[in-house]
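Engineer: Let me begin by handing over the structure; questions about it come next.
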């Protein structure tokens, strides 16, 4: 710890520079999303069915919206959504996959 008194007139950015650290809000958000996604996919409940289920009918014209599963697979660097869904069933492999993605900083 840097032991900076609260009376010192230093900005948060200055303290982070002295600690040789940086803010990582996006990394925290992505990690929490991935852990929650793995939690949902290991259960056989409504949330799992909603995320993995396909709707009947046709999608709208134009650019298609990116689905949660597609974005998660891209961020984790997994080849396909199916491979990612299989890895969610094995908790230790899923945690390792998240840790690798966090180290790469993507």
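The values are calculated or read from the model by the stated rules, or taken from the named source; none is laboratory data. This one's a predicted model, so the numbers in the text were calculated from it and none came from an experiment. Using ideal geometry, Cβ is built from the backbone for each residue, glycine included, and neighbour counts are taken over all protein chains shown.
Engineer: Out of 87, 74, 31, 93, which single residue is surrounded by 10 or more Cβ atoms within 10 Å (Cβ to Cβ) and touching a residue at least 40 places away in the same chain (Cβ under 8 Å)?
Structural biologist: Just a single option satisfies the conditions, and that option is 31.
Engineer: Take residue 30 and tell me if it is in contact with a helix residue (DSSP H, G or I) (Cβ under 8 Å, 6 or more places away or on another chain) and not in a helix (DSSP H, G or I). Full working, then the answer.
Structural biologist: Numbers: in contact with a helix residue (DSSP H, G or I) (Cβ under 8 Å, 6 or more places away or on another chain): yes; not in a helix (DSSP H, G or I): no.
The answer is no for residue 30.
Engineer: From the set of residues in region 50-79 that are outside any helix (DSSP H, G or I) and closer than 20 Å to residue 93 by Cα, which is modelled with the lowest pLDDT?
Structural biologist: Per the stated criteria, the residue is 79.
Engineer: Turning to a different aspect of this structure: Using the structure shown, decide if residue 47 is assigned to a helix (DSSP H, G or I), out of contact with any strand residue (DSSP E or B) (no Cβ under 7 Å at 6 or more places or on another chain), without any contact (Cβ under 8 Å) to a residue 40 or more places away in the chain and farther than 16 Å from residue 100 by Cα. Walk me through it before giving the result.
Structural biologist: Details: assigned to a helix (DSSP H, G or I): yes; out of contact with any strand residue (DSSP E or B) (no Cβ under 7 Å at 6 or more places or on another chain): yes; without any contact (Cβ under 8 Å) to a residue 40 or more places away in the chain: yes; farther than 16 Å from residue 100 by Cα: yes.
The answer is yes for residue 47.
Engineer: Filter region 34-44 down to the residues that are out of contact with any helix residue (DSSP H, G or I) (no Cβ under 7 Å at 6 or more places or on another chain) and part of a helix (DSSP H, G or I) and list them by number.
Structural biologist: 36, 39, listed by residue number.
Engineer: In region 37-49, what residues are modelled with pLDDT under 90, surrounded by 10 or more Cβ atoms within 10 Å (Cβ to Cβ) and over 12 Å from residue 89 (Cβ atoms)?
Structural biologist: Result: 46, 47.
Engineer: Quickly run through region 11-27 and pick out the residues that are assigned to a loop (DSSP other than H, G, I, E, B) and either under 14 Å from residue 72 (Cβ atoms) or more than 13 Å from the chain's Cα centre (by Cα) (or both). Spell out how you get there, then give the answer.
Structural biologist: Kept after step one, since they are assigned to a loop (DSSP other than H, G, I, E, B), are these residues of region 11-27: 11, 19-24.
Answer for region 11-27, where residues must be assigned to a loop (DSSP other than H, G, I, E, B) and either under 14 Å from residue 72 (Cβ atoms) or more than 13 Å from the chain's Cα centre (by Cα) (or both): 11, 19, 20, 21, 22, 23.
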